[in-house]
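The values are calculated or read from the model by the stated rules, or taken from the named source; none is laboratory data. A quick note: this is a predicted structure, and the numbers were derived from the prediction, not measured. We place every Cβ from the backbone using ideal geometry, glycine too, and count neighbours over all the protein chains shown. We work out accessible area using only protein heavy atoms, side chains counted, and drop any ligands, DNA or RNA first. Shrake-Rupley method; radii C 1.70, N 1.55, O 1.52, S 1.80 Å.
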Amino acid sequence: MRNDPLANIAQELQEADSVLIFPHILMDGDAMGSAAALCKALRGMGKDAYIVIEDKIPDYLMFLDRGYTVDIEHIGAADIGDIDVSICVDCGEKTRFPKRAELFYHGETKICIDHHVSSVGIGDYNYIDPEAAATGEIIFDLLVELGVDIDQEMAESLFAAITTDTGNFQYSNTTAHTHEIVIALYDCGLNSNKVSVALYENESFAKMQLHSKLIESAQMFADGEGVLAVCTQKMLKETGTLMEDTEGVVSSLRSIHGVQVAAFIKEQPDGSVKVSLRSKERGDVAAISQRHGGGGHVRAAGFNLEGVSLEETVALVIDEVTACL
Ligand SMILES: [Mn+2]
């Protein structure tokens, strides 16, 4: 699939009056930061722009929402009216916004902006760049194309997108262009320390206790090159936390000396299981995830399983990861 030029996407947005933005479910800093920067920019251009969501914004990302989001539950059929452009950011499959898929296709023009290698391009216009460390990088380039005067708020949203998806500029997806964009964001008034404190130094004690339990119960395998932790619903109840509080655990596991692949298994309330995989220098975790109906990047991917017990999932993950090392 070929990408459409960003200039063509910019033109569609310029001609639109109403735009709905769709970040993926279980949003992360990149999805929310990209959506917030784009929404602010479009409103500044006089557009009627909203971010449509279907699940809660995690607490650590709440500072990025300045009245831009509307929950699909609160949109009645009568409120929708004409949507000139629907644009999904940081995702490119309707399974990434299941409750909003119908609304997305309600848009006169559909646009997809993403950096996931597994995205198929569901828009009339698609820009999917697996080389981009974050969708926020592409949104920056799009705002430049749109001639937007990036303000401090947009700069902070884009910085949040980029710092979270690059593991604060540590992951292998970080490039010179990533840093060039951040330099430009400083020129737009970015206070990176303010954003970093909001994102990284705002943990609840309960969340820290949950992380401690997860690390304590983690198991090493494949001669220390694999590590795996399991979060059960019981552990959440005991610590008074939510599954979103496990954010960051899999990166901590990967940071262990000698580990190449870290796996994190999450028991869902309905009994299904989510698996998150991260690799350091070896191990194509996107390939593993794709075999089980999921997707992602070579170094960060995941998949869901239904009708499989936690024990069976652990065995499967150990087999798959050991085989890929
Ligand atoms: Mn992303």
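Given the protein chains as shown and a 1.4 Å probe, how many square angstrom of TYR68 are accessible, to the nearest 10?
Accessible area, nearest 10 Å²: 10 Å².
Round to the nearest 0.05 the FRET efficiency obtained for GLU281 and GLN152 when R0 = 45 Å and r is the Cβ-Cβ distance. Numbers along the way, then the final one.
Working: r = 37 Å, r/R0 = 0.82.
That gives a FRET efficiency of 0.75.
How much length is gained if the chain between TYR186 and ASP223 is pulled fully straight, taking 0.36 nm per residue apart and subtracting their Cα-Cα distance, in nm to one decimal? Show your work: numbers first, answer last.
Details: separation 37, 0.36 × 37 = 13.32 nm, distance 4.43 nm.
Fully extending the segment from TYR186 to ASP223 adds 8.9 nm.
In whole angstrom, and with the biggest value first, how far do the Cα coordinates of segment 205-324 range along each principal axis?
The principal-axis extents, from largest down, are 36, 33, 22 Å.
Sorting LYS110, LYS194, LYS234 by accessible area (1.4 Å probe), largest first, what list results?
Order by accessible area, largest first: LYS234, LYS194, LYS110.
I want to check the label-to-label distance for ASN8 and MET45. Put each point 7 Å from Cα in the C-beta direction and report it in nm to one decimal.
Placing both labels 7 Å along Cα→Cβ, they lie 1.7 nm apart.
Once the Cα gyration tensor of the chain is found, what semi-axes does its equivalent ellipsoid get, as square roots of 5 times the eigenvalues, in whole Å, sorted largest first?
Details: eigenvalues 217, 89, 76 Å².
Equivalent-ellipsoid dimensions as semi-axes: 33, 21, 20 Å.
7 Å from Cα along Cα→Cβ at both SER255 and VAL144: what's the point-to-point distance in nm?
3.1 nm
Quick one: Cα centre-to-centre distance for segment 291-325 and segment 243-268, in angstrom?
So the two Cα centres are separated by 13 Å.
Report, in degrees rounded to the nearest 10, the 0 to 90 angle that the Cα long axis of helix 310-324 makes with the longest principal axis of the chain.
Long axis of 310-324 versus the principal axis of the chain: about 80 degrees.
With every protein chain left in place, what is the accessible area of MET32 in Å² (1.4 Å probe, nearest 10)?
Accessible surface of MET32 is approximately 0 Å².
What value in Å³ per residue do you get for the convex hull of the alpha-carbon atoms in segment 142-223?
Values: hull volume 10.2 nm³, N = 82.
Convex hull of Cα atoms, per residue: 125 Å³.
Of ARG100, ARG254, ARG282, which has the most accessible area with a 1.4 Å probe, and how do the rest follow in descending order? Write down the numbers at each step before the final one.
On the way: ARG100 0, ARG254 30, ARG282 100 Å².
Per-residue accessible area, sorted high to low, gives ARG282, ARG254, ARG100.
Can you count the Lys pairs in segment 6-200 with C-alpha separation below 28 Å, eight or more apart or on different chains?
Qualifying lysine pairs in segment 6-200: 15.
Could you order SER192, SER204, SER34 by accessible surface area, starting with the largest, using a probe radius of 1.4 Å? Kindly include the intermediate steps, with their values, before the conclusion.
Numbers: SER192 25, SER204 55, SER34 0 Å².
My answer, sorted largest first, is SER204, SER192, SER34.
Stretch VAL70-ASP270 to full length: gain in nm at 0.36 nm per residue minus the Cα-Cα span? Working shown, then result.
Details: separation 200, 0.36 × 200 = 72.00 nm, distance 2.59 nm.
Length gained between VAL70 and ASP270: 69.4 nm.
Based on alpha-carbon positions alone, could you give the equivalent ellipsoid semi-axes of segment 67-161 from the gyration tensor, as √(5λ), descending, whole Å?
Details: eigenvalues 106, 62, 32 Å².
Ellipsoid half-lengths, sorted descending, are 23, 18, 13 Å.
Per residue and in Å³, how big is the convex hull formed by the alpha-carbon atoms of segment 1-135?
101 Å³
Fully extended, how many nm does the chain gain between SER196 and ILE80 (0.36 nm per residue separation, minus their Cα-Cα distance)?
Result: 38.1 nm gained on full extension.
Heavy atoms of the protein only, probe of 1.4 Å, neighbouring chains included. What is the accessible area of LEU236 in Å², nearest 10?
10 Å²
Under a plain spin-label model, where a point goes 7 Å from the Cα along Cα-to-Cβ, how far apart in nm are GLN170 and ILE318?
2.7 nm
Based solely on its DSSP helices, what 222 nm [θ] is calculated for the chain when runs of n ≥ 4 H residues each add -39,500 (n - 2.57) and the sum is averaged over all residues, nearest 500 deg cm²/dmol?
For the chain, the value works out to -11500 deg cm²/dmol.
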